[in-house]
Amino acid sequence: MQNKQLWIAVALTGVLMALVFVAGWLVGRPKHVDAVADTAPVPVEARAVFIPGAGQIDALRRGVPVDQEGHPPPLAHVENADLKRARAYPMQPPTIPHTIDGYQVDRNSNRCMLCHARANASTFQAPPVSVTHYMDRDDQFLATISPRRYFCNQCHVVQTDAPVLVANQFRDIDSVLSPPTAKE
Ligand code: HEC
Ligand code: HEC
């Protein structure tokens, strides 16, 4: 007999707990769930509003309003054409006309110097690094690459097809020295 009453009490408690759970779920449910889902931010095409060379200087957000999300632009394609680009001024580090994927440059090895060291340049038909790369800060020439020029990518970058991000009015010294023509 006593056991039966216990079972009824347990069953009633269970039903009560279920009711409390349903009530809590109904009352506590966020009321604007559907509205939020409808206005979920749609990523904005950042490239669509970006016009290279048109004075656009918002290189970070590319015109996308701060309260909206922009698509990241596609990664630039590295050119591997073996074509040297003109240097804009005499002391510009030339851009790298080949890919450098997987070329290790760290404390233990410098992959670039495999081809660009003076001694190896003829084997690989690569231009040897210039004398400046062997000079220390007191302008003394060292036998091996100067620590100041060890990490090549500090100054040299690969060539890519990336559009100009920030418009500028840089003029090469040759065009500055030459008198303006009738066309200009
Ligand atoms: C397998 C050999 C090899 C390796 C390794 C190599 N290069 Fe080159 N590099 C060349 C050759 C050959 C050229 C000449 C142009 C060409 O054929 O692409 C060249 C050209 C260059 C130029 C252009 C020089 C100029 O006067 O315009 C730069 C800068 C350069 N390399 C930098 C680097 C850097 C930085 C690394 C390492 C991240 C590197 N290279 C690794 C072979 C190599
Ligand atoms: C601190 C900046 C800097 C670093 C680091 C540097 N370079 Fe240069 N590099 C230059 C500059 C500037 C020039 C052009 C003027 C000159 O020759 O000094 C140049 C020129 C070159 C050239 C063309 C040489 C020629 O005679 O036309 C090659 C090839 C080159 N660097 C390769 C390398 C390699 C390989 C490394 C890494 C071992 C490296 N550079 C590290 C700044 C740097």
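The values are calculated or read from the model by the stated rules, or taken from the named source; none is laboratory data. Values in this document were obtained by computation on a predicted structure and should not be read as measured data. Positions of Cβ are backbone-derived with ideal geometry, glycine not excepted, and every protein chain shown enters the neighbour counts. Surface accessibility is based on the protein's heavy atoms, side chains included, excluding ligands, DNA and RNA. Shrake-Rupley method; radii C 1.70, N 1.55, O 1.52, S 1.80 Å.
Taking all protein chains as present, what is the carbon and sulfur share of the accessible area of the range 78-161, in % to the nearest whole number, probe 1.4 Å?
54 percent
In debye to the nearest 20, how big a dipole does the range 78-161 give about its Cα centre with +1 on each Lys and Arg Cβ and -1 on each Asp and Glu Cβ?
Here the range 78-161 has a charge dipole of around 140 debye.
Return the loop-located chymotrypsin sites (Phe, Trp or Tyr not before Pro) in the range 80-184 (DSSP other than H, G, I, E, B) with at most 12 other Cβ atoms within 10 Å of their own Cβ; answer none if there are none.
170
Taking K and R as +1 and D and E as -1, what net charge do the other residues with C-beta under 14 Å from the C-beta of residue 99 add up to?
Counting the neighbours of residue 99, the net charge comes to -3.
Considering only the other residues whose Cβ falls under 10 Å of the Cβ of residue 78, what net charge follows from Lys and Arg at +1 and Asp and Glu at -1?
-3
Counting Lys and Arg as +1 and Asp and Glu as -1, what is the net charge of the other residues whose Cβ lies under 13 Å from the Cβ of residue 117?
Net charge around residue 117: +3.
Restricting to DSSP loop positions (anything but H, G, I, E, B) with no more than 16 other Cβ atoms inside 10 Å of their own Cβ, which trypsin sites (Lys or Arg not before Pro) remain in the range 80-184?
Numbers: sites: 84, 85, 87, 107, 111, 118, 137, 148, 149, 171, 183; in loops: 84, 85, 87, 107, 118, 137, 171, 183.
Within the range 80-184, the qualifying trypsin sites (Lys or Arg not before Pro) (loop, at most 16 other Cβ atoms within 10 Å) are 84, 85, 87, 107, 118, 137, 171, 183.
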